[in-house]
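What follows is a single structure, written as structure tokens, with notes after it.
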Amino acid sequence: MTSLLVQPTAATPAPATTSRRGRGGALASLLRNRKATVGLAIFLVFCVLAAVPQLFTSVRDPNALSFVPSQQPSGAHWLGTTALGQDIWAQLVYGARQSLVIALVAGLCATVLSVLIGVSAAYLGGVADEALSMLTNVFLVIPTFPLIIVLATYAGKGTLLVVLIVLVVTGWSYGANQLRAQALSMRNRDFLESARVRGERRSYIIVFEVLPTMTSLILANFLGAALYSVLTAAGLQFLGLGDPNSISWGTMLYWSQSQQALQTGMPLWAIAPGACVALLGVSFALMNYAFDEISNPALRPVRRNRARRTHS
Amino acid sequence: MNYVLRRLGFFVLTLWAALTLNFFIPKFMPGSPINALRDRTRGKVSPAALQQMLTAYGFKPHQNLFVQYLNYLGDMFSGHWGVSIGATLGTPVSTLIGQALPWTLGLVGIATVLAFVLGSLIGIVAAWRRGGKVDSILPSVFVVTSALPYFWVGLLLILMLSVWTNGFLPSDFNYDNTLQPSLSPGFIGSVLKHAILPAGTILITSIGGWILTMRNNMITTLAEDYVRMGRAKGLSNRRIMYGYAARNAMLPNLSGFAMSLGFVISGAILVEYVFNYPGLGYLLYNAVQNTDYPLMQALFMLFTAAVLIAVLLCDFATAWLDPRARAKG
């Protein structure tokens, strides 16, 4: 029967965290959440790597074939060299930039698109809503990864721009659906009614009244879109559909796979860039889940001491 | 009835949109199959003969676009998907798909269902024992696993269970190709052995999402009045857990599950590529590598139709299970 006793504590939010959050409070509660801090820390490390890669390695052109190929890790080459004679550590460091750019730019554009379409669908209503949500639903069910592969192939093996466009086109619909639902639930609230009565323009109401109340959902959507972009872009490049001469983790994976790195005793060549993709993805996912916990107190981890008190 | 009609309308419209997209993308993108084929057959076949070959396979660039479009729509529905013009030149597309389909359905289908069932169960138990040891570490662990790239998990598994153990588990193909396909125990064992690593990859990366959403839904449901009512009536814990809470918490997950079933036949392209598993995803990869347009078009059509049918069935199931959905439609 213990579970029966514990249950009510789960339903009622922990008192310490129920104090009303002001504007700066969102950031503060984000920092109090351990998942969020871990995610943020990983993200910041990658940001530093991407901004100043030359501080972390003496190699200046990581793609040049300037070393003895297939070396095991040593003091000179921390992670060894590739079968083509490049330093793996240097490639990792320089590769951070492209992966981050893809995540942030594609995530941002997809989020902007989903806000535009989702919120205007909800706010305009009527025929416009029908049309826009139909569009969203169509994009939602079309299988994205095959579409991406097909698109990337037709568009000529992808430059960065092609990859970005493809990611945005396929990545916005999920967020648009969520934002529309959220905006719909607010359509008839009093503060919006009063803005209308004041005679504000529609664009003003959407930008200054509706959007600020949806900040946390929009941020969560951005993190989700960024996670999707990181994983998908890496997958595309791994399949060889990116630019094979670019410096990125996905491209490293492509070369390691085509040179059979695992089977020829150089596992680090394949595992290390994959681990970086995974870490960046994990950092976005952790921050995203932390947002869920902050906006829905019921999901937060139960304090161990509180739980024990209820048991006795 | 209105609800069902609306969903049917959506189904038809989306299918049409996907098919149209599928038709026009190759028409407006650079790179033509005739050039690709010319490169591949480099000099062995004269351009005129090549042109004739392509026309025989249904490639008519000079025909009126609208007529082509209508023909294409008709062909897609009647199963005349054309003939491969890639590495498997001349083989009917439907034969190629027929060979690959069972492998994908078996591998990815079973792994997806398993991930959903296991994940939901773990999520239910975690939410029920809220604040317990399992629940305090579970979310963090599965947030991490659900963000891992498919192919990287696959590579790790290959490294640890195949390369380091000197091929203890096979890392590519669907069965030992020295064996003749039959129903003998040896062959079935080989098929199963070859499926362990790819299935494990899918399980590891997809189970986290089910656990987390199920746990979160379940926590919300457990706070409902009817659960308290069940307790007050003195029902057994098991009854409340599965019959009252889990049953309702499962509803929102059902549509997600339907979608992922639909994505089964397309979803695991990366896994099939890493493990050289000859399913539909691998087929698409090869079609793309060889600019095999008829094969690509048919596969993409099939992928979309699968998702749409799954979503449609789920809509009907929800309408049947949940009266609120009927009223809203």
Could you please let me know if B:P198 is crowded, with 21+ Cβ neighbours inside 10 Å and more than 14 Å from every other protein chain (Cβ to nearest Cβ)? yes
Is there any pair with a first residue in the range A:102-131 that is surrounded by 24 or more Cβ atoms within 10 Å (Cβ to Cβ) and a second that is of a type in the set (F, W, Y) whose Cβ atoms are under 6 Å apart and which are 6 or more apart or on different chains, and what are they? A:G107/A:F222; A:A110/A:W172; A:T111/A:F222; A:S114/A:W172
Within the set of pairs 6+ apart or on separate chains, which have a first residue in the range A:148-161 that is polar (S, T, N, Q), a second that is modelled with pLDDT of 70 or more, and C-beta atoms under 6 Å apart? A:T153/B:V288; A:T159/A:D243
Could you please find all residues in the range B:259-301 being at pLDDT 85 or above and of a type in the set (D, E)? B:E272
Considering only residues of the range B:120-144 that are of a type in the set (G, A, S) and crowded, with 19+ Cβ neighbours inside 10 Å, which is nearest to the other protein chains (Cβ to nearest Cβ)? B:G131
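Considering only residues that are free of Cβ contacts under 8 Å to residues at least 40 places away in the same chain and not hydrophobic (A, V, I, L, M, F, W, C), look in the range B:154-168 and name the one that is farthest from B:I204 (Cα to Cα).
Here the answer is B:N166.
Which helices (runs of 4 or more DSSP H) does the range B:217-329 wholly contain that include 1 or more residues that are without any contact (Cβ under 8 Å) to a residue 24 or more places away in the chain, crowded, with 22+ Cβ neighbours inside 10 Å and not aliphatic (A, V, I, L, M)? Walk me through it before giving the result.
Numbers: elements: B:225-232, B:247-262, B:264-267, B:269-274, B:280-289, B:293-321, B:323-328.
No helices (runs of 4 or more DSSP H) qualify here.
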Restricting to the range A:234-265, give me the number of residues that are part of a helix (DSSP H, G or I) and either more than 10 Å from every other protein chain (Cβ to nearest Cβ) or touching a His at 6+ places or on another chain (Cβ under 8 Å) (or both). 6
Tell me whether the range A:107-120 contains one or more residues that are more than 14 Å from chain B (Cβ to nearest Cβ), at pLDDT 80 or above, out of contact with any strand residue (DSSP E or B) (no Cβ under 8 Å at 6 or more places or on another chain) and not in a helix (DSSP H, G or I). no
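Table: residues versus (1) more than 18 Å from B:V274 (Cβ to Cβ); (2) part of a helix (DSSP H, G or I).
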{"residue": "B:L138", "(1), (2)": "yes, yes"}
{"residue": "B:M160", "(1), (2)": "no, yes"}
{"residue": "B:N166", "(1), (2)": "yes, no"}
{"residue": "B:F187", "(1), (2)": "yes, yes"}
{"residue": "B:L197", "(1), (2)": "no, yes"}
{"residue": "B:L203", "(1), (2)": "no, yes"}
{"residue": "B:G208", "(1), (2)": "yes, yes"}
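So that you can scan it fast, the table gives a plain yes or no per residue for (1) more than 30 Å from B:V311 (Cα to Cα); (2) over 23 Å from the mean Cα position of the chain (by Cα):
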| position | (1), (2) |
| --- | --- |
| A:I148 | no, no |
| A:V166 | no, no |
| A:Y174 | no, no |
| A:M186 | no, yes |
| A:D190 | yes, yes |
| A:A195 | yes, yes |
| A:I205 | yes, yes |
| A:F222 | no, no |
| A:S229 | no, no |
Quick check on my filter: what residues within the range A:266-282 are free of Cβ contacts under 8 Å to residues at least 60 places away in the same chain and either buried (at least 21 other Cβ atoms within 10 Å of the Cβ) or out of contact with any helix residue (DSSP H, G or I) (no Cβ under 8 Å at 6 or more places or on another chain) (or both)? A:A270, A:G274, A:A278, A:G281
Kindly indicate whether A:A122 is more than 30 Å from A:R187 (Cβ to Cβ) and either over 16 Å from the mean Cα position of the chain (by Cα) or not small (G, A, S) (or both). no
Being away from chain B (no Cβ under 14 Å), without any contact (Cβ under 8 Å) to a residue 40 or more places away in the chain, out of contact with any strand residue (DSSP E or B) (no Cβ under 8 Å at 6 or more places or on another chain) and surrounded by 21 or more Cβ atoms within 10 Å (Cβ to Cβ) is true for just one of A:Q86, A:Q98, A:Q91. Which residue is that? A:Q86
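The values are calculated or read from the model by the stated rules, or taken from the named source; none is laboratory data. This is a predicted model, so every value here is computed, not measured. Note that each Cβ is placed from the backbone with ideal geometry, even for glycine, and that neighbours are counted across all protein chains shown.
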